[in-house]
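Okay, so here's the structure we're looking at.
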Amino acid sequence: MGNFLRTAAVMALLAGPVAAQDRVLNVYNWSDYIAEDTIAKFEARFGVKVNYDVYDSNEVLEAKMLAGNSGYDVVVPTSDFLRRQIAAGVYMELDKSKLPNLKNMDPQLMANAAAYDPGNRHAVIYMWGTTGIGYNVAKVRERLGEDAPTNSWALVFDPAVAAKLADCGITFLDAPTEMLPAAMNYLGLDPRSTAREDFEKGAELLMKVRPHVRYFHSSQYISDLANGDVCVSVGWSGDVFQAQARAEEAGNGVEIAYVIPDEGALQWFDMMAIPKDAPHPDLAHEFINFIMEPEITAYITNYVWYANANAASWPLVDPEILNNPGIFPTEKAKARLWAAAVYDARTDRIVNRLWTQVKTGQ
Ligand code: N2P
């Protein structure tokens with residue numbers, strides 16, 4: 001009897017750590033998109049382990065989500081991709097009773113996101129931003145003079161201008177659903193159009209400038225801009241500001257600027273969602289609620305230079321970021337931003353075929 005009790009006590013002790021090990025959260029998020037201590041804080045607070053993987057493309061995330069059984073508990077698709085993944089039945093409805101911090105979210109921005117997820121039933125805004133141009137101020141001035149069209153998409157889409165910048169390095173995002181509409185918009189076409197001819201015209205323009213493009217990649221440009229290895233990148237707002245900050249820290253004399261061109265730019269929302277087959281849905285809710293704490297989200301914004309939609313966090317955001325029109329656009333700039341159209345399967349095929357041609361040059 002004594003032995004039995006002792007054995008039972010030992011087993012109970014063992015059960016503790018085993019149960020704790022089971023408290024694991026698998027997060028799949030964009031690269032360069034979280035503060036250095038966010039995950040450690042969550043692990044310490046909840047006594048869990050987080051596996052944190054990253055991607056730099058909605059297409060990569062989408063392939064995993066549609067295949068199913070990804071093992072991820074929280075993922076962060078952009079709103080237009082979110083919408084069709086919801087239609088495909090990929091995400092569970094959020095249990096809002098487990099997300100009291102939803103009260104911190106800005107109603108207007110959540111209403112914008114609701115255009116892609118009616119009632120915000122499946123997702124919460126993580127961060128948002130624009131797709132514009134990052135450039136090396138000195139190198140662009142050296143090549144194009146004071147009249148460089150740095151407020152225009154002409155900087156990368158006018159073949160004569162791009163030719164003059166080719167030697168210092170132009171890079172494009174490997175993001176067909178963002179690059180083609182940007183080219184269409186520059187041509188005076190509707191960036192939300194899904195007409196085949198419009199995509200073809202956009203692709204034709206991209207084909208003209210592609211000989212001057214060093215690479216198509218969606219994360220490499222951060223360090224390349226910062227080091228002065230490339231001089232103009234079509235990129236995401238916060239990533240360009242991270243490049244600017246890295247150059248400043250390195251004291252290497254590289255000055256990087258970000259512009260939302262006068263012709264307008266894409267405004268996107270990256271959304272936290274829980275796959276239907278997530279292994280740890282309760283913990284996933286805890287994580288989303290944790291991210292919505294004002295201090296946590298303000299610290300992420302201060303670290304990654306992306307705007308958030310958490311109004312309660314804004315007093316804690318560095319004024320330098322809050323007042324930066326490249327991060328939180330002015331009302332005037334906002335009027336020229338467009339929201340992504342949601343592509344159906346037919347549109348997807350057109351876009352993918354043209355994008356392969358643009359990237360390979362044939
Ligand atoms: C972070 C990129 C996130 C923006 N590196 C893409 N929606």
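Quick check, is ARG84 crowded, with 18+ Cβ neighbours inside 10 Å and either in contact (Cβ under 8 Å) with a residue 12 or more places away in the chain or part of a helix (DSSP H, G or I) (or both)?
Numbers: crowded, with 18+ Cβ neighbours inside 10 Å: yes; either in contact (Cβ under 8 Å) with a residue 12 or more places away in the chain or part of a helix (DSSP H, G or I) (or both): yes.
So ARG84 passes the test.
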- From the option list ALA113, ALA148, single residue qualifying as at negative phi and not assigned by TED's automatic domain parsing to the domain that holds THR171 is ALA113
- Confirm whether ASP270 is within 16 Å of the ligand (Cβ to nearest atom), in contact with an Asp or Glu (Cβ under 7 Å, 6 or more places away or on another chain) and among the acidic types (Asp, Glu). no
- How about region 103-211: which helices (runs of 4 or more DSSP H) wholly inside it have at least 1 residues that are basic (Lys, Arg)? 137-144, 159-165, 196-209
- Item | In region 54-84, residue nearest to the chain's Cα centre (by Cα) [restricted to those that are over 22 Å from LEU173 (Cα atoms) and among the polar types (S, T, N, Q)] | SER70
- How many residues are closer than 15 Å to ASP198 by Cβ and of a type in the set (Gly, Ala, Ser) if we restrict to region 343-362? 0
- Note on the structure: In region 235-260, anything within 20 Å of MET179 (Cβ to Cβ) and either surrounded by fewer than 24 Cβ atoms within 10 Å (Cβ to Cβ) or touching a helix residue (DSSP H, G or I) at 6+ places or on another chain (Cβ under 6 Å) (or both) is listed as GLY235, GLY238, ASP239, ALA243, TYR258, VAL259, ILE260
- Message: Looking at region 217-242 only, could you name the residues that are among the hydrophobic types (A, V, I, L, M, F, W, C) and either under 20 Å from ASN308 (Cβ atoms) or within 9 Å of the ligand (Cβ to nearest atom) (or both)?
- Response: ILE222, TRP236, VAL240, PHE241
- Inspect region 34-45 for any residue being within 16 Å of the ligand (Cβ to nearest atom) and touching an Asp or Glu at 6+ places or on another chain (Cβ under 6 Å) and give the result as yes or no. no
- Task: Tell me, yes or no, whether region 296-319 has at least one residue that is among the acidic types (Asp, Glu) and modelled with pLDDT under 95.
- Result: no
- Query: Of everything in region 21-53 that's of a type in the set (Lys, Arg) and closer than 24 Å to ASN69 by Cα, which residue is farthest from the chain's Cα centre (by Cα)?
  - Reply: ARG23
- Residues within region 77-92 that are hydrophobic (A, V, I, L, M, F, W, C) and within 14 Å of the ligand (Cβ to nearest atom), tallied: 2
- Query: Can you name the residue in region 110-123 that is among the aliphatic types (A, V, I, L, M) and within 15 Å of the ligand (Cβ to nearest atom) and, of all such residues, is surrounded by the most Cβ atoms within 10 Å (Cβ to Cβ)?
  - Reply: ALA123
- Item | Flag if VAL317 is under 21 Å from the mean Cα position of the chain (by Cα) and assigned by TED's automatic domain parsing to the domain that holds GLU204 | no
- If we keep just the residues of region 252-271 that are more than 23 Å from TYR116 (Cα to Cα) and of a type in the set (Gly, Ala, Ser), which is farthest from the chain's Cα centre (by Cα)? GLY253
- Can you tell me which residues in region 176-216 are charged (D, E, K, R) and within 16 Å of the ligand (Cβ to nearest atom)? GLU178
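The values are calculated or read from the model by the stated rules, or taken from the named source; none is laboratory data. Predicted, not measured: the structure shown is a model, and the values here were computed from it. Here Cβ is always computed from backbone atoms with ideal geometry, including for glycine, and neighbour counts include all displayed protein chains.
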